[in-house]
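Following: one structure in structure tokens, then a few remarks.
The values are calculated or read from the model by the stated rules, or taken from the named source; none is laboratory data. Note that this is a predicted model, so its numbers are computed, not measured. Here the Cβ positions follow ideal geometry from the backbone for every residue, glycine too, while neighbour counts run over all protein chains shown.
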Amino acid sequence: MNRREFTRVAFLTGGAAATAAALPALAAEAPARRIRTGVIGCGSVSNSYLPSLTSCSFVEVVSLCDLKPDRARRQAARFKVAHHYPHIDAMLAGEPFEFLVDLTDMQQHEGINRRALEAGKHVWSEKPIANTLAAGQELLRRAQQKGLRLWGAPITVQSPQFAFMARQLAAGKLGRVAAAHADYGHEGPDWSAFFYEKLGGSMPDLAVYNLTSLTGLLGPAKHVTALCSIVTAERTVGDKGRIRVTEEDNAMVLLDHGQGVISHIQSGFNYFNPHGHDGSQETRHTLTLVGSTGFMGLVGYDWAPLGVDLATKDAPRLQRHATDAQGYVWQQGAALAAECLATGKELLVTPEHALHVLEIITAARESSAMGRRIALASTFRWPVVVGP
């Protein structure tokens, strides 16, 4: 089931109970404490996040906020949240909380995250954390100065499939790694204009997953070369009707990871798929890596992986591994972050990695516009240590 369909079904089936039952318990033991949490943005994505948050033993959701007050009111009633507000100013001045989960339109994240940090709140942000690398780095510096935590989606490096792939690479199963490819796309959302407006686009919405996975596996990128285009110049969306598309709905990105390793990521809002955008039905390899002695392919999307196929010179027939999700779901990032705040555990997801991916996206646009290769300035702790 895809992310959009998941939220629709969860809403239609009513209540958090049915949806929460399908989500993993984040801890078997009683939590050290529950983190008082406020959620801003009560649209589509909240239908996936709120069941995860309200079923997490480390979280107490105390308030909701949305510029459309009716949405906040409905979600507060549905998930039994005592307080709801029409604006972040009212939320920050209202019921006390310590952890903000930002599920607003991507163009709003930077400003809202800054406001929350200045108000002394830890922040989990849907992607991206900010609109530019410099702004994102300033947010992180401010968080560190104030002793606060800042995290950002996606959490693809938390999946057991990512862990399996990282272990195979570390063990040298592919030999001398040469190249990787990933792709993720669909026919484009029809419910909101923000995907197609300034600072939207297919890269921060879709390619961000593959960029996170491949840099997590192969290391930070050194240079970016890209071509971006607009295939469908006008679209009809639910909130604004007929609109003109101003951001890329088609992108091809080449990454130079150093030491000869090259990866390619494509994303777009013009990709027909015979079974739609249903992650449970996507059984092809959407992410592949190849080296001198082996091949590895991720089955399904990296936000909803179904397994990993591996073939090597010693065992040339493809064999499937890591088919158990082990509780991993794409929408649990904020709940995992709350567990970190409560227990001191750490996530594999880091803000530095999220900011590196953000720089790749902005550099890809610059590369396409200028027709040249762009050097990257950011990095993150690598390899991602996934354990034995």
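Just a few scattered comments:
- Taken over the range 305-315, the criterion of being of a type in the set (Gly, Ala, Ser) and either crowded, with 22+ Cβ neighbours inside 10 Å or free of Cβ contacts under 8 Å to residues at least 40 places away in the same chain (or both) is satisfied by 311, 315.
- For first residues located in the range 250-263 and over 19 Å from residue 176 (Cα atoms), partners that are part of a loop (DSSP other than H, G, I, E, B) and lie 6+ apart or on another chain with Cβ distances below 8 Å form the pairs 250/230; 250/231; 250/269; 250/270; 251/201.
- Checked against (1) over 30 Å from residue 300 (Cα atoms); (2) at pLDDT below 50, residue 36 meets all criteria but (2).
- One residue stands out among those in the range 59-70 that are surrounded by fewer than 24 Cβ atoms within 10 Å (Cβ to Cβ) and either in contact with a Cys (Cβ under 8 Å, 6 or more places away or on another chain) or in contact (Cβ under 8 Å) with a residue 12 or more places away in the chain (or both): the one that is nearest to residue 105 (Cα to Cα), which is 67.
- Residue count for the range 35-87 satisfying the condition of being farther than 19 Å from residue 127 by Cβ and part of a helix (DSSP H, G or I): 12.
- Residues of the range 155-171 classified as aliphatic (A, V, I, L, M), farther than 20 Å from residue 205 by Cβ and touching a residue at least 40 places away in the same chain (Cβ under 8 Å), total: 5
- Filter pass, residue 100 being among the hydrophobic types (A, V, I, L, M, F, W, C), at pLDDT 95 or above, buried (at least 22 other Cβ atoms within 10 Å of the Cβ) and assigned to a strand (DSSP E or B): yes
- Of all residues assigned to the range 149-157, at least one qualifies as being in contact with an Asp or Glu (Cβ under 6 Å, 6 or more places away or on another chain) and closer than 22 Å to residue 338 by Cα.
- Members of the range 319-360 found to be assigned to a loop (DSSP other than H, G, I, E, B) and either touching a strand residue (DSSP E or B) at 6+ places or on another chain (Cβ under 6 Å) or surrounded by 15 or more Cβ atoms within 10 Å (Cβ to Cβ) (or both), listed by number: 322, 323, 325, 328, 329, 347, 348, 349, 350
- Some residue of the range 162-175 being more than 29 Å from residue 246 (Cβ to Cβ), out of contact with any helix residue (DSSP H, G or I) (no Cβ under 8 Å at 6 or more places or on another chain) and among the basic types (Lys, Arg): yes
- So residue 128, is it under 24 Å from residue 198 (Cβ atoms) and out of contact with any strand residue (DSSP E or B) (no Cβ under 8 Å at 6 or more places or on another chain): no
- Condition check for residue 267: among the hydroxyl-bearing types (Ser, Thr, Tyr), touching a Phe, Trp or Tyr at 6+ places or on another chain (Cβ under 8 Å) and in a strand (DSSP E or B): yes
- Qualifying residue in the range 92-101 (condition: closer than 24 Å to residue 239 by Cβ, touching a residue at least 24 places away in the same chain (Cβ under 8 Å) and in contact with an Asp or Glu (Cβ under 7 Å, 6 or more places away or on another chain)): no
- Condition check for residue 289: of a type outside the set (Phe, Trp, Tyr), in the same structural domain as residue 234 (by TED's automatic domain parsing), more than 20 Å from the chain's Cα centre (by Cα) and closer than 20 Å to residue 257 by Cβ: yes
- Looking across 280, 378, one residue alone is surrounded by fewer than 22 Cβ atoms within 10 Å (Cβ to Cβ) and part of a helix (DSSP H, G or I). It is 280.
- Some residue of the range 300-311 being part of a loop (DSSP other than H, G, I, E, B), closer than 21 Å to residue 177 by Cα and within 24 Å of the chain's Cα centre (by Cα): yes
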